[in-house]
1. Could you look through the range A:56-96, keep only residues that are part of a loop (DSSP other than H, G, I, E, B) and open to solvent by 40 Å² or more (accessible area, probe 1.4 Å), and pick out the one that is nearest to the other protein chains (Cβ to nearest Cβ)?
2. May I ask you to verify whether residue B:220 is in a helix (DSSP H, G or I), within 30 Å of residue B:159 (Cβ to Cβ), within 14 Å of chain A (Cβ to nearest Cβ) and of a type in the set (S, T, N, Q)?
3. Which ones in the range A:97-119 are within 14 Å of chain B (Cβ to nearest Cβ) and open to solvent by less than 10 Å² (accessible area, probe 1.4 Å)?
4. Being in a loop (DSSP other than H, G, I, E, B), assigned by the TED database to the domain that holds residue A:185 and acidic (Asp, Glu), is that true of even one residue in the range A:290-309?
5. I'm trying to understand the selection: among the residues of the range A:68-113, which are under 23 Å from residue B:49 (Cα atoms) and charged (D, E, K, R)?
6. Condition first: over 14 Å from residue A:370 (Cα atoms), among the acidic types (Asp, Glu) and at pLDDT 90 or above. Can you find one or more residues in the range A:131-138 that meet it?
7. Return the residues of the range B:243-274 that are within 12 Å of chain A (Cβ to nearest Cβ), closer than 30 Å to residue A:502 by Cβ, assigned to a helix (DSSP H, G or I) and open to solvent by less than 30 Å² (accessible area, probe 1.4 Å); say none if nothing qualifies.
8. In the range B:65-74, which residues are in a helix (DSSP H, G or I) and either buried (at least 16 other Cβ atoms within 10 Å of the Cβ) or under 24 Å from the mean Cα position of the chain (by Cα) (or both)?
Amino acid sequence: MKKQIITMLSLLVAGTTLLAACSGSNEGSASDPGGSAGQSGSKVKLTGVIVKHPLTKPLAEMEWLQQIEEAAGVDIQWQEITADWGQKKGTMLASGDVPDLFVGPNVITDADFAQFKGLFQDMSELIEGAPNVQKMFEEKPETKQISTQRDGQIYGLAKYQRFWPDTVNRQYINQTWLDNLGLEMPTTWDELYDVLVAFKEKDANGNGDPNDEIPMDWSGGIGGFFNPAVLLGGMGIKLSSDVSGQGYFVEDGKVKNFLTDARYKELVMFLNKLYKAGLINPEVFTHDYTKLQAVARGEGDIAKVGFTWGWVASDRFGEQLAPQYASMSPLKSSSSYSGPVSWSYDSYTLNYGANNIVMSAKTKNKEAAMRFINELYKPEIGIQVLFGSIGPNIEDKGNGSYAVLPPKDAKMDPGTWKWTSTWADNGAFYISDSIDLTLGKDMQEVLTQSEPLKEALAQVDSQIDIYPGTFVKYTNEDNNAMSLNNTNIMNLANTTFAKWVTKGGIEAEWDAYVKESQKAGLDKNVEIMQKYYDEFVSKL
Amino acid sequence: MRTAAKLGTVKRDYQLWLMILPALATIFIFNYIPMYGVQLAFRDYDFSKGLTGGEWKGLFYFQQFIESYLFSDLMRNTFLISLATIIIGFPAPIILALVLNQIRRKAFKNMMQTTVYLPHFISVIVLVGMLNVLLSPETGIVGHLMKAIGLGHINLLASSNTFIPTYVISDIWQHCGWNSIIYLAALSSVDPQLYDSSKIDGANRWQTIRYIDFPALMPTIVILFILSMGGILSTGFEKIFLMQNALNLPVSEVIATYVYKMGIVSNQFSYASAIGLFNTLINFIFLYTMNAISRRVSDTSLF
């Protein structure tokens, strides 16, 4: 017995040692066969990283990409990353073992350029060899502004995708349920409350079970996309998702943060009232995105969710249930509120992107890499990067006009098909305003479903009311200070928000919370951002 | 003189030294060489100049951490979770080993042992996934059971009151069986004659455990306890991180997860290494104190 155990133990020890030794070196080596093969017509070998959507098919199957690699005389070995880029990036950059090209939305941030000096290529001179990029800079000077650092270097190139609406968020209510119960479309928070109570208590979806309706749902948290922060528009706060993820907004020329604003307190109290009445999905702070999505898609024709936020109805509720939902206008906070109502204005975030393609300074054949980038920024390529190859995804109607085709698989919604077929919004590209493209059904749906928000968005003066987050370049020091403070601020905000919504207690804890937020650096960040906002406005 | 003697043992026992060489090399490469990166905690990390090139900042980052508004919360959470794991989790495998040792039917004993070992081999990710499924108040079996016995609608993973018990109990369930192996090994070294003579003297089962098994286990218990004290602030990162959500964050944010969020996610390398080093320092102090106490009290110690 004793012997057996000892043998077993020693085997185990040996086993774990081996495992430990192996797991120490799991970093894949990004081998660089070198740009030495650049001469005499043979293709230049490059390496690249792309941050793509999990649905996106392998890059090797994208026709447009093969064509431009051919045209640029390069052969790029892609590493395709679909998850946890934020975490992988840190280790990859710190090791210095980087590929020649990075592609993705803000794939390397300005903060990374500051932190990892000398790791990235300043493209400002190379751009001379890239007429398509130059053309973009001329036609859309904003893109040059977004790409250029304070000292004039260009480390990452912007993208421009033109067709996107003024906001990310749309607010949906189940119109069928309203009709079933004979209710009016709510226009204020109080009316919303009454409607949600009716959804909960009566059998709104008509399946005979009065308890399976979830009156309200979202993906947890505060700030960012598709969550209750947009209700702040009902008290006149003009959000913009560039910075509203951390609570910042601009009001009367002053940068503020709603996380310590009395109006936010009111919103949280309202949400707590909803939660106490059982109107919010009890798993709102714990479920993950797939579950959120699954719940909203209901069972067959039976919808489960009454009120929520999303990009388009067909994406949020699936093709089958989408017709049941109506896009709503912003809600006033109370019937006595007489000021303007607003909505999150995100046109900059949606139509422009910063640092969508970045080159490593270690790239051996920089001209070849730039040739590839130049091909990528061709207008006819741009639409293919966004919607898929001409042929399967886009129809070439001649005379320079194009149309996005419906999905080949009839069961798939057009949004999903786009993400499956190509780089989509994660790519780096330029779509010139002059190109003639008929959009697909999903984009037309977005534009139609944005209609109820038009009025609220029209009174936003995008130049003064919106913090120009997309255009601002911070100094290293400010960037570092802000990122540290924001981590702390959001840590505090997320936990207190969840607690206050589910358990209440905001009145008693508010003052202490505001003090904590200041300690976490909120005032300092507002001060820093005010400086940049003033600088930006003064140049208008 | 002594060095000469030591060299003598190397010569004499070279086979033993050869056998231990891979282990020594592993420890040196993975545990000693990285220590040189510790200086990052005292410098402003500058990528272009490497680990040693940044500007010297002294204790700046330590001060920043101690003055941070999260400091007291982080310390409290880390201590609470570690202490709870040690106080409740430490005796569990000892009790299990004593119980298993009393089982007479060999086949049954083997089956029991295998059953309690198995959870140890479930990966943390899968385990937390299982917890999420099982404990969900809407769909989980435990959620339904709790409702059935009248405990109501509790989401064990989403409350600051239930997070720590859930964490500790699931930890015990997972590792208790595995950790009992070492105690079983110690028990198997007890001379059977002792049991025989105790039976002749009329000892019952409880007395055999109390006077034979337990004293035999004592040195192992002390050593393992000292070792676990050294880990008091290094609570398992992965499991806590995976179990975190906005609702339990007030009690589940511990030093390890905060270091990750700062260092890897926010790229504050120097700050994160300062916090990490601070953490290690406290571990060391604990380990050292416990060792000293144990040496005085029971003559058993690590060093």
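The values are calculated or read from the model by the stated rules, or taken from the named source; none is laboratory data. As the structure is a computational prediction, the values presented were derived from the model and not from experiment. So basically every Cβ, Gly included, is an ideal-geometry build from the backbone, and we count neighbours across all protein chains shown. SASA here: full protein model, heavy atoms, side chains in, ligands and nucleic acids out. Shrake-Rupley method; radii C 1.70, N 1.55, O 1.52, S 1.80 Å.
1. Residues of the range A:56-96 that are part of a loop (DSSP other than H, G, I, E, B), as a first pass: A:56-58, A:62, A:73, A:82-84, A:96.
From the residues that got through so far, the ones that are open to solvent by 40 Å² or more (accessible area, probe 1.4 Å) too are A:57-58, A:82-84.
On the way: A:57: 26, A:58: 25, A:82: 17, A:83: 13, A:84: 10 Å.
Of everything passing the filter in the range A:56-96, A:84 is nearest to the other protein chains (Cβ to nearest Cβ).
2. On the way: in a helix (DSSP H, G or I): yes; within 30 Å of residue B:159 (Cβ to Cβ): no; within 14 Å of chain A (Cβ to nearest Cβ): yes; of a type in the set (S, T, N, Q): yes.
Against the criterion (in a helix (DSSP H, G or I), within 30 Å of residue B:159 (Cβ to Cβ), within 14 Å of chain A (Cβ to nearest Cβ) and of a type in the set (S, T, N, Q)), residue B:220 does not qualify.
3. A:108, A:112, A:116, A:119
4. Keep residues of the range A:290-309 that are in a loop (DSSP other than H, G, I, E, B), which gives A:297-298, A:300-301, A:303-304.
With assigned by the TED database to the domain that holds residue A:185 added as a condition, the list becomes A:297-298, A:300-301, A:303-304.
Those left that are additionally acidic (Asp, Glu): A:301.
Checked against the condition, which is being in a loop (DSSP other than H, G, I, E, B), assigned by the TED database to the domain that holds residue A:185 and acidic (Asp, Glu), the range A:290-309 yields at least one hit.
5. A:88, A:89, A:97, A:100, A:110, A:112
6. Let us first name the residues in the range A:131-138 that are over 14 Å from residue A:370 (Cα atoms), namely A:135-138.
Okay, now just the ones that are also among the acidic types (Asp, Glu), so A:138.
Now restrict to residues that are at pLDDT 90 or above: A:138.
Yes, the conditions are met somewhere in the range A:131-138.
7. Correct list: B:243, B:249, B:251, B:252, B:257, B:258, B:262.
8. Within the range B:65-74, B:65, B:71, B:72, B:73, B:74 qualify.
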